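So the structure is just underneath, and the comments pick up after that.
The values are calculated or read from the model by the stated rules, or taken from the named source; none is laboratory data. Keep in mind the model is a prediction, meaning the values are calculated, not measured. Methodologically, a virtual Cβ is constructed for each residue, glycine included, from the backbone with ideal geometry; neighbour enumeration extends over all protein chains shown. Accessible surface is based on the protein model in full, side chains and every heavy atom, while ligands, DNA and RNA are left aside. Shrake-Rupley method; radii C 1.70, N 1.55, O 1.52, S 1.80 Å.
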Amino acid sequence: MAAESVLNLDEVTIRLAGDSGDGMQLVGTELTNASALLGNDVGTLPDYPAEIRAPAGTLPGVSGFQLHIGSFDIHTPGDEVDVLVAMNPAALKANIKSLKPNGVLIVNAESFGERDLKLANCATNPLEDGTVDGYQLFRVDMSSHTKAALKDTGLDHKSMERCKNFFSLGMIAWLYNRPMDGTIKFLKEKFAKKPLLAESNILAMKAGYAYCEATEAFANSYEIPPAKLPAGKYRNISGNEAIALGFVAASQKSGLELFLGSYPITPASDILHGLAKYKNFGVKTFQAEDEIAAICAAIGASFAGELGITSTSGPGVCLKSEAIGLAVMTELPLVVINVQRAGPSTGLPTKTEQSDLLQAMFGRNGESPVPIIAASRPADCFECAYEAARIAVKYMTPVFLLADGYIGNGAEPWLIPDSDKLNEFSAHRTFTGEKFTPYVRDEKTLARPWIVPGTPGFEHRIGGLEKKNIAGTVNYEPENHDYMVRIRGEKVKRIAQEWNPLSIDGPDSGDLLVIGWGGTYGAIRTAVDRSREKGLSVSRIHLRWINPFPQDLGAILKRFKHVLIPEINLGQLRMLIRAEYLVDAIGLNKVTGQPFSVREIENKITEILKK
């Protein structure tokens, strides 16, 4: 029986949770793509287990995918969820607190047997002990329905069981009127050499849809109208994909060949995977034997005149630190991409954090300043990658590009930019004097010329030992070292001349200014918007460049009574702001491996302004 009525919604947040082998990331991604094709704005939060292969059915093995679908411009993957699909007791136990009161809870009822409950450390059955009271519970025998749909395919029992994730996707497709054509096409392409698997997953998805169509389980289905986004051509993109494309664009616009030296590490590996697909644009990718070899190869590529970059996460930056200092000393362009994760050490490899800011600022020996740019959302990763490359080449310096697991793995619609409107830049390879000297500097940027080694008449050497100003020969004179340290620092400071004045969202003075950086953008923006709707005097700025700080930041800070800095660390930007501007900034900090909810920031704003 069809739904009694189809209701319109402005937004919905859905979380799909199961064991790490249940394929919840895959069906979540397909649901995201289907929603994007309908014209909705989307925000995603893939939540992988930290262990590569935890025991099936246990809490450490729970894998979740959260999707926020909107008929307007949304900025986060949502706070509390409207719909939770739990494939086993562990998934229910780990995620039930995120479900709104009276929210829709769909469970694979057959996975709540005695053994399943024991694996999830459940003393009682949560479907019967009151745990799910207050929610709309739908018990569905997904495994049996999937096997019934596939009984004539000849697929083995274990493979049939693995198709139940697409049964759940079919249910959600019916409930929220999502098209299945794109997923069918995807499955046929993905399993082109295994057509039985493609057909089986398609049958399972259609069975889930038909289950909702034929039963009276759901009284209503829902539609979410398309969002009114700026006109243009869009594609759905993750942060790591956007970083890869940003560097390809930088390579094409500058005429420099792109070289990535990298060692696989969560959550940055997808950048290596992504760039490896672009050999047709002359991109070279090198999977090194370790982090040190990876960055040294990238520095070597830069020395040879290519655009050298390296990607990693916090533990990898620790290993690369000496080589980053070498790039500072040799004054070669290099971009170090750090997709941050929870630390220290191996930490929580799949969970997000912003705790590598001070590592990027100070994690080297000697006075070795490095510019730092931080992406704010998945689509912003493209522009930040492009800008990091442009500044590295223009100022002949290594640059840190900070992302994090939340925006690196998260996805959203991306308005594909007009390549003609990207800033032009090129290598500084000219020298007009009578005799070439490698450390003569551009008067405005203080960058030295970038001459490809082996060029006749331009022979020179570089290295980690201090060099004599202008001449570039090894030099140990105290006064020369003092001068070279200061001029390298001054070069980084001058990068601030590139920035436009900061854009203040809200009044340019008032009671409270909220400062954000990196992946806190969406939660802060939404929280500030809601606070202003309540009549509170609150404004917002988001820092893209953290080193050097924008030139007008100090003047802006003085115009507000209070300054709040939410961070997914214990106050690293707050420490830098306090030290630089002597402002008693207030921190809002968490290190749970999860991004901020809008409510957490909204509550802190209210607390400050009601004192």
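Between Phe362 and Thr124, the simple spin-label model (points 7 angstrom out along Cα→Cβ) gives 5.2 nm.
The overall shape of region 455-550, judged from the alpha-carbon gyration tensor, is prolate: a/c is not under 1.5, and a/b is greater than b/c. Across region 541-599 the C-alpha pair distances fall into 10 Å bins from zero in the proportions 21, 53, 24, 2 percent.
Taken over the C-alpha atoms, region 152-240 has Rg and Dmax values of 15.8, 48 angstrom. Here the relative contact order of region 360-485, from alpha carbon pairs under 8 Å that lie six or more residues apart, stands at 19 percent.
Please work out how much length the chain gains when fully extended from Ile52 to Leu319, using 0.36 nm per residue of separation minus the C-alpha to C-alpha distance, in nm with one decimal. Don't jump to the answer; show the numbers that get you there.
Working: separation 267, 0.36 × 267 = 96.12 nm, distance 2.27 nm.
Computed gain between Ile52 and Leu319 is 93.9 nm.
Extension gain for the segment Asn475 to Tyr135, taken as residue separation times 0.36 nm less the Cα-Cα distance, is 115.1 nm to one decimal. Computed about its Cα centre, the charge dipole of region 105-204 is approximately 580 debye, with only Lys, Arg, Asp and Glu carrying charge at their Cβ.
Of the listed values [x] 23.7, 74; [y] 26.7, 92; [z] 26.4, 87, identify the label whose number matches Rg and Dmax of the Cα atoms in Å calculated from this model. Of the listed options [x] 23.7, 74; [y] 26.7, 92; [z] 26.4, 87, [z] comes from this structure. Label reach from Asp511 (point 7 Å along Cα→C-beta): in region 539-574, amide nitrogens under 20 Å belong to 539-541, 557-566.
Under 5 Å between amide hydrogens, built in the peptide plane, is the criterion, and for Asp47 it picks out Gly64, Phe65, Gln66 among residues at least 5 positions away or on other chains.
Surface analysis of the chain yields an accessible area of 42 Å² per residue, using protein heavy atoms and a 1.4 Å probe. Checking the table Lys164/Lys206; Lys435/Lys468; Lys228/Lys590 against a 23 Å threshold on Cα-Cα, which pairs fail? Exceeds cut-off: Lys228/Lys590. The simple spin-label model puts a point 7 Å past each Cα toward its Cβ; for Asp529 and Leu7 those points are separated by 2.3 nm.
Just how large is the dipole of the chain about the Cα centre, in debye to the nearest 20, putting +1 at every Lys and Arg Cβ and -1 at every Asp and Glu Cβ?
The calculated dipole for the chain is roughly 880 debye.
Excluding same-chain neighbours fewer than eight residues apart, the lysines reachable from Lys118 by a Cα-Cα span under 17 Å are Lys93.
For the chain, the longest principal axis of the C-alpha atoms and the axis of helix 164-175 are separated by about 80°. Placing +1 on the Cβ of every Lys and Arg and -1 on the Cβ of every Asp and Glu, with no other charges, gives region 296-373 a dipole of roughly 240 debye about its Cα centre. By definition, a body whose alpha carbon gyration tensor gives a ≥ b ≥ c is oblate when a/c is 1.5 or more and a/b is not larger than b/c, and region 431-473 fits this oblate description.
Using a ≥ b ≥ c from the Cα gyration tensor of region 253-406 (square roots of the eigenvalues), is it rounded, prolate or oblate, where a/c under 1.5 gives rounded and otherwise the larger of a/b and b/c decides, a/b for prolate? Note, shape of region 253-406 comes out rounded.
For Tyr483 and Leu415, what does the FRET efficiency come to when R0 = 41 Å and r is the distance between their Cβ atoms, rounded to the nearest 0.05? That pair, Tyr483 with Leu415, gives E of 0.35. Approximating the spin labels as points 7 Å out from Cα along Cα→Cβ, the Arg461-to-Asn500 distance works out to 4.7 nm. Look at the dipole of the chain built from charges on Cβ: of Leu564, Ala447, Gly57, the Cα furthest out on the positive end belongs to Ala447. Pop out the carbon and sulfur fraction of the accessible area of region 463-592 as a percent, whole number, probe 1.4 Å. The computed percentage sits at 51. Among 59-67, 372-380, the peptide with the highest mean count of other Cβ atoms within 10 Å heads the list, and the full ranking is 372-380, 59-67. The heavy atoms of His157 present about 120 square angstrom of accessible area, all protein chains included, probe 1.4 Å.
Using alpha-carbon positions, what is the distance between the centroids of region 28-42 and region 251-319, in Å? Spelled out, the Cα-based centre of one part sits 31 Å from the other. Between the beta carbons of Leu570 and Glu490, assuming R0 = 25 Å, the FRET efficiency works out to 0.20 to the nearest 0.05.
For the Cα trace of region 381-537, dividing Rg by the Kirkwood Rh returns an Rg/Rh value of 1.10.
Region 452-466 and region 68-105 have Cα centres lying 58 Å from one another. When region 186-338 is described by a simple charge dipole with +1 on each Lys and Arg Cβ and -1 on each Asp and Glu Cβ, the residue from Ala327, Ile237, Gly300 located farthest towards its positive end is Ile237. For the chain, the residue among Ala94, Leu348, Ala36 whose Cα projects farthest onto the positive side of the dipole built from Cβ charges is Leu348. To the nearest 10 degrees, how steep is helix 239-254 against the longest Cα principal axis of the chain, on a 0 to 90 scale? Compared with the principal axis, the helix lies near 40 degrees. Only lysine pairs 8 or more places apart, or on different chains, with alpha-carbon atoms under 22 angstrom apart are counted in region 253-368, and they number 5.
Stretched out straight at 0.36 nm per residue, the stretch from Phe281 to Ala109 would grow longer than its current Cα-Cα span by 56.9 nm.
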